[in-house]
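What follows is a set of notes on a single structure, which appears directly below.
All of the numbers you see were taken from the coordinates with simple rules; none came from a lab. Every value quoted in this text rests on a predicted model; they were computed, and no experiment measured them. Every residue, glycine among them, receives a Cβ derived from its backbone with ideal geometry; neighbour counts consider all protein chains shown.
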Amino acid sequence: KVRMLYHAAHYLYQGLDSLTSFRADVTLLDGTAIAASLITRNYKSVGSMMFLLSISDMLEDYTMQKTKSTLKSSLALNIDSVWKVDIDDEGNEIESQSPLSQIKKGDKIRIRTGAIIPVDGVIADGDAMINEASMTGESLAVHKSEGKAVHAGTVVEEGSIVIEVRSVNDETRLNKIIDMIEDSEELKASIQSKAEKLADSIVPYSLLTTALTYLLTGNTSKALAVLMVDFSCAIKLTTPISVISAMKEASDNRMMVKGGKHLEAYANADTIVFDKTGTLTNAHPVLEKVIPCGKYERDEVLRIAACIEEHFAHSVATAIVKKAEEEGLHHEEDHSEVEYIVAHGISTTYDGKKAIIGSRHFVEEDEGIKFTKKQQKIIEENIKEYSVIYLAIGKKLQGILCISDPVRDEAHDVISQLKELGITNVVMLTGDSENAANKIANDLGITQYRSQVLPEDKANIIQELKDEGHQVIMVGDGINDSPALSAADVSVAMRNSSDIAREVADISLLSDDLYDLVTLRKLSTGMLDKINTNYRHIVIFNGSLIGLGLLGIIPPTTTSLLHNLSTMLFGLSSTKSVLGEEEPVVIDTQVVSNPDALIGEAAK
């Protein structure tokens, strides 16, 4: 008994603290129930209550730590080596690959386009457009040059820089942010917070019902029977278990979710926005036709285009270079240094004249290239079916390259299933022409589409949809999707996404299958259904216990035992698989096979 009183003192103190602070919360109810049981010498009830409360606290701590661990692993930089820059005896720069673990303060490393910066430091040479969304939340890239500070976890969108290292590994700002996650609850699903508030709101009614029962009947046993039934205990226990089980199930299905709130947002969304390339399509464009429009023959147009495009690892560039290789067209470096203009195209000098290749907007509007009527006719005949890339040399259009990006086989069925699951608005964003976009939208059953969209427009479109009252999912894969991913209520990155897209996204798919979006919807809505079902069952069962206690059919000890056992069962049922295809998700705690034995042990 002395040992039990020692453990009970913790709950009594918390209850007293709530009482003196005028807080009618769960700790007050727990303390009152334990105090009442001690006064009436119902020690078995005291032991069972403390056992359940300790299990609840342990599972809640586990849930929070698991959620934080998932986030931390997703933020951690998986970079093993970097390009270290040294100076030889003659003053020349020498680059060599070096393990990141061996890099120290004062060393210099080079970071190129598309790479994540793995250290904190200062730019010693060069300049670049750097996306700092992971640090500042600002979706637009910032231009930084020599002398400016850069931080680990940010991404070089364009350019090449040499960084003098100031902090590395655990000393970087990113790692300090990860450490701060230990004290953060921002990733808790709002339904978890609602469950806690609901649990606290029930407390005054439980206390009032207990008091009224005693006043009206004068029967201590009946009053205790009411007090022993704590709705809040089961509600607080089952909700976090349901959330973490769903996250674990998502992980088992190769979907990494950075927090419970993202699953909840995915379940509640009514709109899904796809960036076409790499999501609805395979992201492996094919060059279908090359049409000369000037003084160069067809093969020469392809050779020049491949010569310029080979410097950039873009899917369209890859398609052009691959076609040239298949046709045995050798392309020497006949041009000056190339300049990549984000979302527009490439500019260089060829044969002493300015050469550009890219979108119609870039060639016609930005560069002022005029098309002849014949060229216009050729273009109009092809833009209905293809995405068209334009090659201009010396202020004249010299050729067009017709690109197709085959739609994924499963895209139509996935969109159809998402609609059946409550997604009423399916939106496609694409840089394609109006005709090409319209054809794909009609083929796939897309409800809205936006054609000729620039990267900077995507986030604005997402915001417009949110302003209209929609809850928005954004699915993307490229660097230029990052602002839109940040703007959405919940964002999903495809398997082959860029580093920055994966970092910005709330959910990352680890398999290259659009059906994962359907699975995720079923999982997230199933999680909410499970939680709401638990609420109903908890209210019905515990309400029945109160009724039986008031009628004097069952004593307080039995009421407490049944209540605690039901709470355990509700908790265990919350670990069951939502999808029904996998084995039940097992929380890393010991399952009690003989609750009575443990309750008896706790009462000693």
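Each listed q (0.22, 0.23 Å⁻¹) maps to a log10 I(q)/I(0) for segment 492-580, found by the Debye formula over equal Cα scatterers with no solvent: -1.03, -1.07.
When you count the other C-beta atoms within 10 angstrom of each residue and take the mean per peptide, 236-242, 402-408 line up highest first as 236-242, 402-408.
The modelled label-to-label distance for the pair residue 515/residue 197, using points 7 Å beyond Cα in the direction of Cβ, is 4.0 nm. In this structure, the amide hydrogen of residue 491, modeled 1.01 Å from its nitrogen in the peptide plane, lies closer than 5 angstrom to those of 474, 506, 507, counting only residues at least 5 positions away or on a different chain. Amide H to amide H, with H built 1.01 Å from N, residue 432 comes under 5 Å of 452, 453, counting only residues 5 or more places away or on other chains.
Near the amide H of residue 447, within less than 5 Å, lie the amide hydrogens of 426, all on another chain or at least 5 residues away, with H placed in the peptide plane.
Under 20 Å from a point 7 Å along the Cα-to-Cβ line of residue 219: which residues of segment 530-567 have their amide N that close? Those under the cut-off are 542-563. Distance between the pseudo-spin-label points of residue 102 and residue 438 (7 Å out from Cα toward the beta carbon): 6.1 nm.
Kirkwood Rh, segment 365-427, all Cα pairs: how many Å? Value: 14.8 Å, from the Cα pair sum. Summary value for segment 286-404: 31 percent relative contact order, contacts being C-alpha pairs under 8 angstrom separated by 6+ residues. Using the Cβ-Cβ distance between residue 553 and residue 270 with R0 set to 56 Å, the FRET efficiency from 1/(1 + (r/R0)^6) comes to roughly 0.75. Couplings for segment 262-272, taken from phi via the Karplus curve 6.51 cos²θ - 1.76 cosθ + 1.60 with θ = phi - 60°, read 6, 5, 5, 5, 5, 5, 8, 5, 10, 9, 10 Hz in order; Gly and Pro are left as x. The Stokes-Einstein estimate for segment 226-323, based on a Kirkwood radius over Cα pairs and taken at 20 °C with 1.002 mPa s viscosity, is a diffusion coefficient of 114 µm²/s.
In segment 286-404, a dipole from Cβ-located charges (positive for Lys and Arg, negative for Asp and Glu) runs towards its positive end, and of 382, 401, 352 it is 382 whose Cα lies farthest in that direction. If you take the square roots of the eigenvalues of the alpha-carbon gyration tensor of segment 286-404 and sort them as a ≥ b ≥ c, do you get rounded (a/c under 1.5), prolate (a/b over b/c) or oblate? Note, shape of segment 286-404 comes out rounded. Rounded to the nearest Hz, the phi-derived 3J(HN,Hα) couplings of segment 26-33 under the Karplus curve 6.51 cos²θ - 1.76 cosθ + 1.60 (θ = phi - 60°) are 4, 5, 5, 5, 4, x, 5, 5, where x marks glycine and proline. When 22, 231 are arranged by Cβ crowding within 10 Å, least crowded first, meaning fewest neighbours, the order is 22, 231.
Checked against a 27 Å cut-off, the cross-linked pairs 144/353; 261/530; 236/522; 289/395 give Cα-Cα distances beyond that limit for 144/353. For segment 371-378, 3J(HN,Hα) computed residue by residue from phi via the Karplus equation (6.51, -1.76, 1.60; θ = phi - 60°) reads 9, 6, 4, 5, 5, 4, 5, 4 Hz, glycine and proline entered as x.
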